[in-house]
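K.L.:
First the structure, which I've put down as C-alpha cells, then a few questions once you've had a look.
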Amino acid sequence: MIASKVCVVGLYDCMVSVKDIERVSELACVELSEDEVARMASDVDGILGMIDQMSDADAAKADFFEGKEMGMRSDVLAEDSDSASCSAVKSCELTEGGTFVVPKFI
C-alpha cells in the first residue's frame, strides 16, 4: 500500500487516498473512473480498518475446534478403473507405471 502516512499495525490511523489508488491502478494498468477511484479508496481503507480490528482480537482464547472431532482420513489410492484419470492414462500412447510420459525439457 502506498500511503501518505506510516501505518503501524494496531495503530491504524491513516487513510488510503485517491492519489494512492490512482498510483496503484496506474501500476496495474487498470483504468478507473473518478467514481471508481473514490469508491476503491473508501473500500480499501475500510478493509484495512477491519484487519486492524482483527489484530486486536485475542485468538488464544478462541477454541475453533470445540465440539468437533478432527479424525484423520485414510490416505489410500483408490483403484477405480472407471475414473477419468485412469481412462486418460489408459488411452495415452506414452505411459510408464500408470503415469503420462512427456518430453524432457530444461
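The values are calculated or read from the model by the stated rules, or taken from the named source; none is laboratory data. These numbers come from a predicted model, not from an experiment. No Cβ is skipped: glycine too gets one built from the backbone with ideal geometry, and neighbour counts run over all protein chains shown.
K.L.:
Does Asp52 meet the test of being at pLDDT 80 or above, out of contact with any Gly (no Cβ under 9 Å at 6 or more places or on another chain), among the charged types (D, E, K, R) and surrounded by 10 or more Cβ atoms within 10 Å (Cβ to Cβ)?
P.N.:
no
K.L.:
Evaluate the following for Ala62: is it under 14 Å from Val16 (Cα atoms) and without any contact (Cβ under 8 Å) to a residue 60 or more places away in the chain?
P.N.:
The answer is no for Ala62.
K.L.:
For Ile106, only one of the following conditions fails: (1) at pLDDT below 75; (2) part of a helix (DSSP H, G or I); (3) among the hydrophobic types (A, V, I, L, M, F, W, C). What is its number?
P.N.:
It fails just one condition, (2).
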